[in-house]
Amino acid sequence: MSSQESLELRYQADGEDQRVLLADKLLIGRNPGCAIVLAENSVSSKHAAVVAKGDRWFIADLDSSNGIIVDGNKVKQLQLKAGVQFRIGSTAFQVSAVQSGSGSSRSSSTSTRRTGAKPSAGGDIVIQRSKVENVDSGGSIALQTLVFIGILGALFYSSFDLLSNLAEDPNAMEVAGDLLSGAGAFETEASVASLIPIPASVEMVLESGDSASQGESWLEATGEPTADGSMRLSWNEPFNVGAGQGILVTASMKSVGYDRFGLSVRWTETSDPSSPVISEDFAVVRPRSGWSRIALESPAAIDDGFAVATISVIGLSDRNGRGAVSVDQWIAKIVDMDKPQPVLLASQSDQQKVRLSLDDRGVGQVIKGRLEMISDLRMALGAANGQWRWGQILPLRKEPYVVGEDDSFRIGFELAEAGESAVIQQFVRAQSQRIDLSWTLQRAVPATYTFKIKSKRLGLGVAGFSNGIAVTTGLQGGQIDFMGDEFALGEGSQQVVLSMSKPARWTGFTDTSGGLVMTVDHGLIEAGGMVDLAISASSAREQENLDRVILQLGQMIDQRRFGEASIALANAREQLGWREDLESRLGVFSERISQEVDAIQAQLAAVQEDIRRFPGSPAEGFLVEICEDAQERFKGLAIESQASRILQEIRGQSDREEEKSQLNRVQTILSLANEAAEASRGELARFYYQHVIKTSPGTPAAAEAEQGLKLVEAKGI
């Protein structure tokens, strides 16, 4: 610490006051190897640790069962200042200031101890773990405050004993289970011979002096990076690791001239140099003053059997030019560990489903059915520049996943690439028809999100849209470039759509494997700014179209316009028939129309039966009303034609009755006319005959009336 003031912990044990000076990596717990031993069941074996950060002291909970208690509340970490009080188990602690030279004034009844492992020069500690952890919302701590406490807690969990043993005896490299068998101490020339430099032009020399973090010597490698921007020192012996196990690598390192440096574990199927790489895990940091202590846990990238691990020290640079990486105290062990399980989210519609799998780094794969449609979906830093450098996709530091009450997920991490770095919070939540993602950046930085599409998926076709209008379809010369708010891969049932709330520039090019590498450039994002993305199985346009159809169908059904609703259903099925969720959303309307048709048919049959059984029944008027209503409500359906036929029959019968009645009336008038003629009442006979001719022209009755007029004229009456 740079401050002149020292701090001590005061507590009671065995009826005596105890005082312990704060020291870096001071352990408190039930284990007898801890600096402060609390022998009670409520205290975990390694319960908490005191750590130094610059000129500040902190105490961090090491995943204990009961935590650190402050004012009745359980906390994960606490800054230690004079006057601060906390409790572990039943033991109360108080932090007090100790002025220089005050130790001699302590009473004889007070036990005073000075403890702690020997700190290394510039002893920063960095760890990269591959384990996903889910915690409840109460355990969420801002990344800015958790960023090194959580890291140190993970380090103590995995490798504290190993590091502290070395610090107590810096010349002892015989660590139980060490795969490098002491060669990582670099105390002899033989340790250098076990390394393979890439590129081969890298110069490796042993340096010595008092500043070594372990022993008296360290390795310094100097050279230019390869074309991919990396320099490696790989251990010449690969290690076979079984499923359920992994490699734990720790090292003290420093660097000059490289943008980032650290450790890597590369997994292959066999030890053959030509064996394909399954995966590679990294723990990398930016250069800082003095030595940095780095740890990496990498699980075997297999589900069963064995995989082969090659461990390396790496330097990474986005620039040309020489750099130097120094390494000391390099240790590798095979450890038992759980393989990280991805977070899996799916849109909540069973039929129109798209899934997103997120690994412990927040990198996603989009899945439709059984097919991985999009891979390596992630936030990236730096301005897009056409042939995008895929960069380092592993965060320097990260928080565990936090699970919300609505089954949403949040992860915080620090990303560094393309000369930029930022703390990022990633949030993801599954909705009914889509999955929403957002990334919030804690400092102003150019940002993109980027993803890959494998070559065998490109046959499905790609398209870009702006405000619902297609602006590009397919690749032009193996590339795609458009300004818009939506990107679609595939069509119909084989479709995945990425959409944004505002336009951005989408660019993509095919890589050496024939796949498409896409970036979406958002330009400079201000501090606290958000980049959002929605993933769905269909576009927003199609979703809005279906929602509009459903709204219209509901209105038609409420207004009993069943024929129009049936036509709208047919059109929707023709236009959107590829949607897996179509019938589940339209089926209720089809069922309602069928029920209404069945009801009207049953009513028509019942009324017709009554009329047949009881001729002259007034139900005939009701039947006409039913049929006329059916013609209006069920236009275009078979029931409309049925109602029309019934009305035609009713009207035809009425016409025949009317015709018969009219014929009877005409015959009666003709009879009256003939009687008048026989009675020599000529004027009356003429009236009747002329009435028949006028009211029934062209009929046999009219012809008979004309003949009667002639007879009247012939008689002269």
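The values are calculated or read from the model by the stated rules, or taken from the named source; none is laboratory data. Everything numeric in this text was worked out from a predicted model, so none of it was measured. Glycine gets a Cβ as well: all are built from the backbone with ideal geometry, and neighbour counts include every protein chain shown. Only protein heavy atoms, including side chains, enter the accessible area calculation; ligands, DNA and RNA are left aside. Shrake-Rupley method; radii C 1.70, N 1.55, O 1.52, S 1.80 Å.
Quick rundown of the values:
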item: Subset of segment 494-516 [in a strand (DSSP E or B) and open to solvent by less than 10 Å² (accessible area, probe 1.4 Å)]; result: Val496, Val497, Leu498, Ala504, Trp506, Gly508, Leu516
item: Total residues in segment 194-238, condition of a type in the set (Val, Ile, Thr) and part of a strand (DSSP E or B); result: 4
item: Strands (runs of 3 or more DSSP E) enclosed by segment 301-349 - at least 2 residues per element that are within 22 Å of Trp235 (Cβ to Cβ); result: 306-316, 323-336
item: All positions within segment 618-637 that are open to solvent by less than 80 Å² (accessible area, probe 1.4 Å) and assigned to a loop (DSSP other than H, G, I, E, B); result: Phe634, Gly636, Leu637
item: Residues being in a loop (DSSP other than H, G, I, E, B) and either under 36 Å from the mean Cα position of the chain (by Cα) or modelled with pLDDT under 75 (or both) - total across segment 569-617; result: 8
item: Condition met for Gly708 (open to solvent by less than 30 Å² (accessible area, probe 1.4 Å) and modelled with pLDDT under 85); result: no
item: Count of residues meeting criterion [surrounded by 15 or more Cβ atoms within 10 Å (Cβ to Cβ) and part of a helix (DSSP H, G or I)] in segment 691-705; result: 8
item: Meets criteria (part of a strand (DSSP E or B), more than 21 Å from Ala380 (Cα to Cα) and modelled with pLDDT of 90 or more) for Ala463; result: yes
item: Neighbours by Cβ (under 7 Å, 6+ apart or cross-chain): first from segment 675-692, on the phi > 0 side of the Ramachandran plot; second hydrophobic (A, V, I, L, M, F, W, C); result: Ser680/Ile717
item: Any hit, segment 23-32, residues being open to solvent by less than 70 Å² (accessible area, probe 1.4 Å), more than 19 Å from Phe58 (Cβ to Cβ) and more than 41 Å from the chain's Cα centre (by Cα); result: yes
item: Pair list, Cβ under 8 Å, 6 or more apart: segment 555-577 residue over 16 Å from Val597 (Cα atoms) and free of Cβ contacts under 8 Å to residues at least 24 places away in the same chain, other residue open to solvent by 80 Å² or more (accessible area, probe 1.4 Å) and part of a helix (DSSP H, G or I); result: Ala568/Gln552
item: Some residue of segment 245-266 being open to solvent by less than 10 Å² (accessible area, probe 1.4 Å), under 25 Å from Ala183 (Cα atoms) and in contact with a Pro (Cβ under 6 Å, 6 or more places away or on another chain); result: yes
item: Meets criteria (of a type outside the set (Asp, Glu), open to solvent by 40 Å² or more (accessible area, probe 1.4 Å), under 26 Å from Ser349 (Cα atoms) and out of contact with any Cys (no Cβ under 9 Å at 6 or more places or on another chain)) for Phe465; result: no
item: Residue under evaluation Met483, criteria (1) more than 28 Å from Gln348 (Cα to Cα); (2) touching an Asp or Glu at 6+ places or on another chain (Cβ under 8 Å); (3) not small (Gly, Ala, Ser), criterion not met; result: (2)
item: Filter result for Gln642 (open to solvent by 70 Å² or more (accessible area, probe 1.4 Å) and part of a helix (DSSP H, G or I)); result: no
item: Check on Asp14, of a type outside the set (Phe, Trp, Tyr), over 22 Å from Ser292 (Cα atoms) and in contact with a Phe, Trp or Tyr (Cβ under 9 Å, 6 or more places away or on another chain); result: no
item: Residue in segment 190-205 that is modelled with pLDDT under 85 and crowded, with 17+ Cβ neighbours inside 10 Å present; result: yes
item: Qualifying residue in segment 239-257 (condition: touching a residue at least 40 places away in the same chain (Cβ under 8 Å), of a type in the set (Val, Ile, Thr) and touching a helix residue (DSSP H, G or I) at 6+ places or on another chain (Cβ under 8 Å)); result: yes
item: Total residues in segment 1-22, condition in a loop (DSSP other than H, G, I, E, B) and either in contact (Cβ under 8 Å) with a residue 60 or more places away in the chain or open to solvent by less than 70 Å² (accessible area, probe 1.4 Å) (or both); result: 4
item: Residue among Leu233, Leu152, Leu146 that is modelled with pLDDT of 85 or more, open to solvent by less than 40 Å² (accessible area, probe 1.4 Å) and under 24 Å from Arg260 (Cβ atoms); result: Leu233
item: Any hit, segment 259-267, residues being small (Gly, Ala, Ser) and within 31 Å of the chain's Cα centre (by Cα); result: yes
item: Residue count for segment 156-189, restricted to those that are in a helix (DSSP H, G or I), modelled with pLDDT of 75 or more, surrounded by fewer than 17 Cβ atoms within 10 Å (Cβ to Cβ) and of a type outside the set (Asp, Glu); result: 0
item: Output for segment 397-428, where each listed residue is crowded, with 22+ Cβ neighbours inside 10 Å and not in a strand (DSSP E or B); result: Glu399
item: Pick from segment 37-78, criterion aliphatic (A, V, I, L, M), touching a Ser or Thr at 6+ places or on another chain (Cβ under 8 Å) and modelled with pLDDT of 85 or more, ranking: nearest to Asp14 (Cα to Cα); result: Leu38
